[in-house]
Amino acid sequence: MCGITGFIGYENAAPLLIRALKKLEYRGYDSAGIAVIHDKKIIVRKMKGRINLLEESLLENPLDGYTGIGHTRWATHGEPSDINSHPHTDSDGRIAIVHNGIVENYIKLKQWLQSRGIVFRSDTDTEVIAHIINYFYRKGHGSLLQSVIEALKLLNGSYALAVICADYPDRIIAARKDSPLIAATGGAGSFLASDITALLEFTRDVYFLNDGEIAVLYQDHIELRNDEGDLIQRETTHIDWSVESAEKNGFPHFMLKEIFEQPKSLENALRPRLKKDIIDFEEIKFDKKWLEARRIVIIACGTAYHAAVIGKYAFEYFARIPVEVDIASEYRYRNPIFNKNDIYIAISQSGETADTLAAVRLIKQNGGCVIAITNAPGSTLSREANEIIYTYAGPEIAVASTKAFTSQVMCIYLLALELGRARSYIPDTKKYTDELCEIPDRIRKILDKKEIIQRFASRQYNKTKMLFMGRQFDYPVSMESALKLKEISYTHSEAFAAGELKHGPIALIDSSTLVISFATQTALFEKMASNILEVCSRGAASLVITWEGGGFFDALNSEVFTLPKSEDCFSPMLAVIPAQLFSYYCAVQRGNDPDKPRNLAKSVTVE
Ligand code: M6R
């Protein structure tokens with residue numbers, strides 16, 4: 001969840017570390033720090049708060065040195081504070097480390113170190129690692145590398161780690177287990193980061209570390225080693241994301257930029273899979289496994305889970321196959337039933353979500369093949385899944401997922417349609433693919449009306465309860481809208497299937513409530529109209545999001561926002577757009593930073 005960076009090269013490390021950390025700030029932002037080797041000494045600067053505070057202090061009091069590591073923190077062990085910020089050092093101040101992940105056995109290790117006279121300065125699990133490395137180093141385990149290797153053997157849990165030592169200013173040692181880490185050499189020297197976006201401006205040819213691997217970074221090259229220290233040979237992977245894709249490009253926030261990128265990101269998801277109206281997934285084998293499958297199981301977390309629920313509706317609608325959807329954290333612990341005739345799909349924007357990865361491993365241990373839908377090339381999921389479908393949404397920086405969600409949904413629709421054709425439920429997919437090709441332009445039209453949503457948000461952002469309801473394909477869109485709103489505006493929001501209104505949620509309705517209803521399932525318009533009347537007559541403010549043209553909901557005591565007409569079954573990719581905009585504008589009205597909501601981090605790499 002935190003961000004790690006490292007640099008060793010021919011320029012001062014501090015400014016480069018800060019530049020890279022700013023690209024990683026979305027991974028955690030309660031404190032930040034760097035450590036640099038200067039004159040054979042380690043100098044640490046770290047503090048609670050955002051990276052710009054650290055940057056200001058470095059401008060006032062610069063740090064020189066060509067080797068350094070940096071960190072932006074999302075607190076797990078120990079409150080956000082100057083002391084708990086990374087880097088952490090050993091008692092001699094000769095070794096500094098930054099760490100992402102959780103050392104699960106840190107209490108035992110800490111007690112052992114304390115019994116040897118070590119005094120701890122922080123409440124973090126990370127500090128134990130610095131002291132253990134120092135323990136082996138002092139014991140004369142030969143080299144720094146060997147000391148790191150010995151220390152890693154004692155750690156349970158997950159880590160991405162970068163280590164520097166005042167006695168070895170010519171190298172950075174990095175290691176990973178269950179937490180991403182990328183190393184690259186280019187231009188000014190060698191770089192290390194927990195995320196590709198931090199490296200884009202320096203180089204595109206990167207090494208993705210695998211679990212159990214160690215990278216030793218020198219100014220002009222990188223050695224990859226296994227957990228015993230033996231050298232490994234590996235080609236670099238080329239990343240073709242542009243630098244601009246990780247910049248705001250004139251938008252006030254990444255989230256707004258990413259909302260506006262959706263016409264393009266959806267074209268990117270769609271075009272490579274459409275060959276003259278025929279759906280063609282080159283990357284996966286549409287073999288007998290698909291044709292004979294009895295069930296599809298989809299696992300994911302958060303927003304990706306909502307895409308999975310849309311997947312359930314889509315696969316059942318187009319391909320008439322039963323679908324089970326599960327939150328990955330539930331799936332991994334609930335003793336699920338495995339069947340070799342099932343198709344398993346894992347959806348994850350980052351490809352690094354700990355719960356999703358654990359569920360994938362469980363499925364594979366039980367003989368299942370996993371198809372990943374992910375946005376992140378080189379991610380752990382992309383390397384562990386049997387087959388991969390990339391969403392091609394480009395880097396998503398805002399913590400609140402927007403374009404990654406719609407791209408996941410587009411990929412799922414294509415899969416469902418192709419399966420429906422292969423299983424002979426849809427004779428010809430052209431009618432549907434023609435519609436899918438229209439989606440990007442229809443989103444552009446919705447975005448052109450953003451001021452309507454902005455004005456609506458400026459009137460409603462102070463409501464204390466905001467509820468979202470819908471039926472059929474509109475239900476998962478309601479869930480996603482409620483999540484988006486609570487994540488960045490901190491408003492209590494809930495979603496429910498509109499048919500459930502009278503089974504409980506109606507008790508919440510009063511004049512302090514806003515209800516946003518999605519009404520795009522034409523066959524269910526009358527049912528939705530009744531539900532909307534029920535909430536309006538109890539004093540709630542109401543907005544209906546529906547198709548343009550019909551005027552069906554105009555007579556209700558509700559505001560109406562219309563979407564360009566599409567097939568009802570494809571409405572999620574359109575209906576979610578005004579909801580994303582609404583969340584964004586509510587967050588801004590409330591003075592929140594929509595890109596960096598409190599307590600959240602972009603990629604949940606720990607449980
Ligand atoms: O990277 P993933 O898609 O696996 O992430 C899953 C969730 O953590 C993520 O969707 C989260 O809910 C977002 N903050 C939603 O905006």
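The values are calculated or read from the model by the stated rules, or taken from the named source; none is laboratory data. Please read these numbers as outputs of a predicted model, since none were measured by experiment. No Cβ is skipped: glycine too gets one built from the backbone with ideal geometry, and neighbour counts run over all protein chains shown. Surface areas here come from the heavy atoms of the whole protein model, side chains and all, with no ligands, DNA or RNA. Shrake-Rupley method; radii C 1.70, N 1.55, O 1.52, S 1.80 Å.
Things to note:
- Taking each residue as 0.36 nm, the span from residue 292 to residue 364 lengthens on full extension beyond its C-alpha to C-alpha distance by 24.0 nm.
- Whole-Å semi-axes of the ellipsoid equivalent to the chain (Cα gyration tensor, √5λ, descending): 45, 27, 22
- The residues neighbouring residue 321, those whose beta-carbon lies less than 15 Å from its own, together hold a net charge of +3 under the Lys/Arg +1, Asp/Glu -1 convention.
- Its residues counted as N, region 71-180 yields a C-alpha radius of gyration over 2.2 N^0.38 Å of 0.97.
- Counting protein heavy atoms only, the chain has 48 percent of its accessible area on carbon and sulfur, 1.4 angstrom probe.
- Charge tally around residue 380: other residues with Cβ under 14 Å, Lys/Arg +1 each, Asp/Glu -1 each, net -2.
- Three-way shape label, region 3-239, alpha-carbon gyration tensor, a/c 1.5: rounded
- Where 290, 241 fall by accessible area, highest first, once all protein chains stay in place (1.4 Å): 241, 290
- Ranking 47, 255 by solvent-accessible area of protein heavy atoms (1.4 Å probe, all protein chains present), from largest to smallest, gives 47, 255.
- For residue 602, distant residues with modelled amide H under 5 Å away: 27, 28
- Area accessible to solvent at residue 22, 1.4 Å probe radius, in Å²: 90
- Spatially proximal lysines relative to residue 108 (Cα-Cα < 17 Å; intrachain offsets below 8 disregarded): 153
- Euclidean distance between Cα centres, region 463-532 to region 184-263, Å: 41
- Within the assembled protein chains, the solvent-accessible surface assigned to residue 503 is about 140 Å², based on a 1.4 Å probe.
- Proximal charge balance of residue 494 [Cβ under 14 Å; K/R count +1, D/E count -1]: +1
- Here the relative contact order of the chain, from alpha carbon pairs under 8 Å that lie six or more residues apart, stands at 12 percent.
- Cross-link pairs 463/502; 450/602; 276/403; 312/364; 46/465; 46/602 - those with Cα-Cα distance over 31 Å: 46/465
- DSSP beta bridge pairing in the chain, given as percent antiparallel to the nearest 5: 60
- Membrane-span-like helices in the chain, defined purely by DSSP H runs whose alpha carbon atoms cover 18 Å or more axially and whose average Kyte-Doolittle hydropathy reaches -0.5, are 126-138, 302-319, 403-422, 474-489, 571-589.
- Rounded to the nearest 10 Å², the accessible area of residue 220 at probe 1.4 Å: 100
- Spatial separation of Cα centroids for region 73-88 and region 5-30, in angstrom: 17
- Region 305-436: C-alpha pair distances exceeding 23 Å, %: 32
- Ordering 469, 479 by accessible surface, largest first, gives 479, 469; the 1.4 Å probe counts only protein heavy atoms, with every chain in place.
- 222 nm mean residue ellipticity, helices alone, for the chain (DSSP H n ≥ 4; -39,500 (n - 2.57); rounded to 500): -11000 deg cm²/dmol
- Heavy-atom surface of the chain, accessible at 1.4 Å and reported per residue (Å²): 37
- Cα gyration tensor shape of region 563-603, rounded if a/c is under 1.5, else prolate or oblate by comparing a/b with b/c: oblate
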